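> Please find one structure pasted underneath; my questions will follow.
Throughout, read-outs are computed from the coordinates displayed, never taken from laboratory work. Computed from a predicted model, the values in this text were never measured in an experiment. Heads up, the Cβs are rebuilt from the backbone with ideal geometry, glycines too, and the neighbour counts pull from every protein chain shown.
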Amino acid sequence: MTQPLTYRLDHRFPIAVVRLRGELTPSAGAAVRKAVLEALVEEPTSVIVDLSGLTSADGVAAQVFAAAAGQAANWPGARLLLCGPSAAVAAALRRTDVVRDLPIHPTFEAALGEAAALPLPQRLRQRLEPTIHAPRAARELAAEACASWHLAGSVIPAEIVASELVTNAVRHAGTRIDLRITLWDQQLRLSVQDRTAAPARLQSPGESDDHGRGLLIVDSVATSWGNLLLPDGKVVWASLWAARHPHRDLVGPGSRR
């Protein structure tokens, strides 16, 4: 009889741990993806997936780890580390490209050691109600973050992005809002989590509906931005180049500009 896949999520910021238990079958891939997405909400630097509770793994289903690693790398720039597979699960992983693309550690302790060696991010967060006062509070948190982290050159773009992301959430989601601002790896990352599943999208300037107009501003200011769709809502995120001095180019190497 198949043992259904279950998971437990443990946030140890800046590290998130996903513990899987049961059989990794093709139909269980959605549960793995859901677990990793939930782990990414808190913007960890690493997500450790503990495989020691898996009794078996289908080789095709194991490809979900590569897809999850791609999402983690895209935002928030986190590493996905696998650890603790049994001999049978390790053999299934070896039959795929997962072994080539992802770090697989023999024990949880080994994976934790690699994750803990990464530099610690700095983070501020605030929960906002969907009112007309929320955008101003978002701008104030962005200014506070830039002042605390000595990013004089990022104040204005950070305030703009924070304000537009929150305004978009107030106008189109109308739920409570979690604003997070993180500095890590020369990137200033701003994210807004709401409780509606409709993705944020750009609106062309000629369209009459004003949905997404603020995102045109975000798109012009940020080095990158996107959506992370969750079972109970979404995260809309944007990245800025961290600039410690004003009047410098705020766009980092390799950006889309």
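> Near the amide H of Leu230, under 5 Å away, which other amide H atoms are found, from residues 5 or more places off or on another chain, if H is placed in the peptide plane?
Val235
> Follow-up question, since we're still on this one. Taking amide H positions as placed in the peptide plane 1.01 Å from N, state which residues far from Gln3 in sequence (5 or more) or on other chains have amide H under 5 Å from it.
Glu23
> Work out from phi, with θ = phi - 60° and the Karplus expression 6.51 cos²θ - 1.76 cosθ + 1.60, the ³J(HN,Hα) of each residue of region 224-241, listed in order in whole Hz, and give x for Gly and Pro.
So the J values, rounded to whole Hz, are 7, 7, x, 10, 10, 7, 10, x, 10, x, 7, 10, 9, 10, 8, 10, 10, 6.
> Residue by residue through region 45-55, which ³J(HN,Hα) values in whole Hz follow from phi under the Karplus form 6.51 cos²θ - 1.76 cosθ + 1.60 (θ = phi - 60°), with glycine and proline marked x?
Going residue by residue, I get 7, 9, 10, 9, 9, 7, 9, 5, x, 7, 8 Hz, with x marking Gly and Pro.
> Could I ask something else about it? Taking the Cα centre of region 1-150 as the origin, how large is its charge dipole in debye, to the nearest 20, when only Lys and Arg (+1) and Asp and Glu (-1) carry charge on their Cβ atoms? Show your work: numbers first, answer last.
Values: 15 positive and 14 negative charges, 23 e Å.
Here region 1-150 has a charge dipole of around 120 debye.
> Can you give the calculated 222 nm mean residue ellipticity of the chain, where each DSSP H run of n ≥ 4 adds -39,500 (n - 2.57) and the sum is split over every residue, rounded to the nearest 500 deg cm²/dmol? Before the final figure, lay out the partial values.
Details: 8 runs with 86 residues, N = 257.
Roughly -10000 deg cm²/dmol at 222 nm, from the helical runs in the chain.
> For a quick check: with amide H placed at 1.01 Å from N, whose amide H comes under 5 Å from Thr196's, ignoring anything fewer than 5 positions away on the same chain?
Here Lys234 satisfy the definition.
> Where does the Debye-calculated log10 I(q)/I(0) of region 6-116 sit at q = 0.15, 0.16, 0.22 Å⁻¹, using only Cα point scatterers of equal weight, no solvent?
-0.52, -0.60, -1.23
> Then there's this: Normalised by the number of residues in the chain, what is the relative contact order in percent for Cα pairs under 8 Å and 6+ residues apart?
Details: 536 pairs, mean separation 35.7, N = 257.
Contact order relative to length: 14 percent.
> Okay, moving on. Please identify the helices of the chain, taking whole runs of DSSP H, that span at least 20 Å along their own axis as judged from the Cα atoms and have a mean Kyte-Doolittle score of -0.5 or higher. Before the final figure, lay out each step's value.
On the way: long enough: 134-148 (21 Å, 0.03); 155-172 (25 Å, 0.76).
The qualifying helices are 134-148, 155-172.
> Among Gly29, Gly113, Gly174, determine the one that fluctuates most according to a GNM of the chain built with springs between C-alpha atoms less than 10 Å apart.
Gly113
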